[in-house]
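The values are calculated or read from the model by the stated rules, or taken from the named source; none is laboratory data. A quick note: this is a predicted structure, and the numbers were derived from the prediction, not measured. Every residue, glycine as well, gets a Cβ built from its backbone with ideal geometry; the counts of neighbours run over all protein chains shown.
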Amino acid sequence: MTKLASRVQALTPSSTLAITAKAKELKAQGYDVIGLGAGEPDFNTPQHIIDAAVKSMNEGQTKYTPSAGLPQLKAEIAKKLNRDQGLDYKPSEIIVGSGAKHVLYTLFQAILDEGDEVIIPTPYWVSYPEQVKLALGNPIFVTASEENSFKITAQQLEESITSKTKAIIINSPSNPTGMLYTKEELQELGEVCLKHDILIISDEIYEKLVYQGAKHVSIAELSPELKSQTMVINGVSKSHSMTGWRIGYAAGNEAIVKAMTNLASHSTSNPTTTAQYGAIAAYAGTQEPVEEMRKAFEQRLNTIYDQLTAIPGVTCLKPQGAFYLFPNVKQAAMAANFATVDEFAAALLEEALVAVVPGSGFGAPDNMRLSYATSLDQLEKAVGRISTFVSEKM
Ligand code: PLP
């Protein structure tokens, strides 16, 4: 039997995908499971995007493209970054990849040497630490405490920097917490990064999904120096409900983009051609569907937030972005006689037929993540089930 590589043996499987698979399995067995584990919008991709992709195929656009993406798509991404963030990038400063996840993977492969450190505010998106480790880097976790609205401070950042620190990931709005850094907070973090020459990886995949009148700010917008210090990561998955199309991008330092393009030329060759044509339509066409989806998410959030926080032992910071609630359920789990939130979440699925993702996978074992990328009906039913489950166990 072939021995697996040690770096792969050390990988933790994605807890979000695992819970989704378990929920699907129970559903297939005939159970009425409500899945709140998914990390994808429940809307279909807007029709004009689908039409543009089909048209491109019918016109014979079914061959390889340049490894960093079609020039037309890079041009549309450059326009989008100018329109939304006021940032100007040359085509050579943009790389399109097979989803933001793969772009991040390629980025870590391009910048990390063995033992290099990447600062990851915790709670974090599950793939960051694993991707850093796959590039033989060391994830350095810095607690973004609930008391500080799940954000790290400039002082915490300063204290976690060593001679090996290479980069920091800023994910705003955040998965799983839904928190958004303000301009001032980003400015302070940015100053520390500039002082120590630390690359800022700004994952802005939830940029378009912000609520309560909040505004997303990219750290790259704040000064020319910060723009040079930042790799902006974004894509169409969450904004245009295009998760399965697998199109994401990075914009930033030309030498890093060139190295990533080299790597892509030996791994993916290029992101799927048809999907790139869809993404051109997503950025060039009307942005109305994006706003409609955002409004629907906000309505759902406002409806279930109150119901969720009315459950005894459940507290939750109200998210300003993304489509997740990240309540602290430790008290509820203990009152219901579970030793850990992991066990509580497992029982919720088995007994109450509600799939949530335990916070341990995000580095926050007292919390759990509920995605509200599902209909209001289902959401209200799910929160009702959680409430009944807790009260019956107490
Ligand atoms: N970044 C964050 C924080 C995410 O939550 C996700 C998806 O769940 C991604 C990046 C990757 O998005 P995609 O690879 O679909 O573009």
Flagged in the range 262-287 as farther than 26 Å from residue 59 by Cβ and more than 16 Å from the ligand (Cβ to nearest atom), in numbering order, are 262, 263, 266
Scanning the range 98-138 residue by residue, those hydrophobic (A, V, I, L, M, F, W, C), assigned to a helix (DSSP H, G or I) and closer than 20 Å to residue 17 by Cβ turn out to be 100, 103, 104, 108, 132, 134
Just one listed residue, out of 18, 38, 23, 5, is small (Gly, Ala, Ser), modelled with pLDDT under 95, loosely packed, with under 13 Cβ neighbours inside 10 Å and more than 17 Å from residue 281 (Cα to Cα), and it is 5
Going through the range 145-177 in order, the residues found to be within 14 Å of the ligand (Cβ to nearest atom) and either farther than 22 Å from residue 250 by Cβ or in a loop (DSSP other than H, G, I, E, B) (or both) are 150, 172, 173, 174, 175, 176, 177
Checklist entry - Quick check, is residue 237 surrounded by fewer than 22 Cβ atoms within 10 Å (Cβ to Cβ) and either under 14 Å from the mean Cα position of the chain (by Cα) or within 16 Å of the ligand (Cβ to nearest atom) (or both)? => result no
Taking the range 86-107 and keeping only residues that are more than 9 Å from the ligand (Cβ to nearest atom) and among the small types (Gly, Ala, Ser), one is left with 86, 92
For residue 188, are the conditions met, namely being in the same structural domain as residue 66 (by TED's automatic domain parsing), more than 14 Å from the ligand (Cβ to nearest atom), among the acidic types (Asp, Glu) and in contact (Cβ under 8 Å) with a residue 12 or more places away in the chain? yes
The number of residues in the range 378-393 that are farther than 12 Å from residue 311 by Cα, of a type outside the set (D, E, K, R) and out of contact with any helix residue (DSSP H, G or I) (no Cβ under 9 Å at 6 or more places or on another chain) is 1
Picked from the range 167-184 (must be without any contact (Cβ under 8 Å) to a residue 60 or more places away in the chain and surrounded by 20 or more Cβ atoms within 10 Å (Cβ to Cβ)), the residue farthest from the chain's Cα centre (by Cα) is 167
Item to complete: Test residue 198 against the stated conditions and say whether it is surrounded by fewer than 24 Cβ atoms within 10 Å (Cβ to Cβ) and β-branched (Val, Ile, Thr).
Response: yes
Contact list, first residue from the range 225-236 and within 11 Å of residue 256 (Cα to Cα), second anywhere and within 13 Å of the ligand (Cβ to nearest atom) and of a type outside the set (S, T, N, Q), beta-carbon distance below 6 Å, six or more apart or interchain, is 231/201; 231/250
Output for Cβ contacts, cut-off 6 Å, separation at least six or different chains, first residue among the basic types (Lys, Arg) in the range 57-79, second surrounded by 20 or more Cβ atoms within 10 Å (Cβ to Cβ), reads 74/94
In the set 145, 160, the lone residue that is over 15 Å from residue 362 (Cβ atoms) and not assigned by TED's automatic domain parsing to the domain that holds residue 316 is 160
Within the range 200-224, of all residues that are without any contact (Cβ under 8 Å) to a residue 60 or more places away in the chain and touching a Lys or Arg at 6+ places or on another chain (Cβ under 8 Å), the one farthest from the ligand (Cβ to nearest atom) is 222
Filter the range 108-124 for residues that are in contact with a strand residue (DSSP E or B) (Cβ under 6 Å, 6 or more places away or on another chain) and within 16 Å of the ligand (Cβ to nearest atom); the one that is nearest to residue 255 (Cα to Cα) is 118
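This table checks each residue for (1) free of Cβ contacts under 8 Å to residues at least 24 places away in the same chain; (2) under 29 Å from residue 232 (Cβ atoms); (3) not assigned by TED's automatic domain parsing to the domain that holds residue 218.
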{"site": "18", "(1), (2), (3)": "yes, no, yes"}
{"site": "22", "(1), (2), (3)": "no, no, yes"}
{"site": "52", "(1), (2), (3)": "no, yes, yes"}
{"site": "92", "(1), (2), (3)": "no, yes, no"}
{"site": "101", "(1), (2), (3)": "no, yes, no"}
{"site": "107", "(1), (2), (3)": "no, yes, no"}
{"site": "110", "(1), (2), (3)": "no, yes, no"}
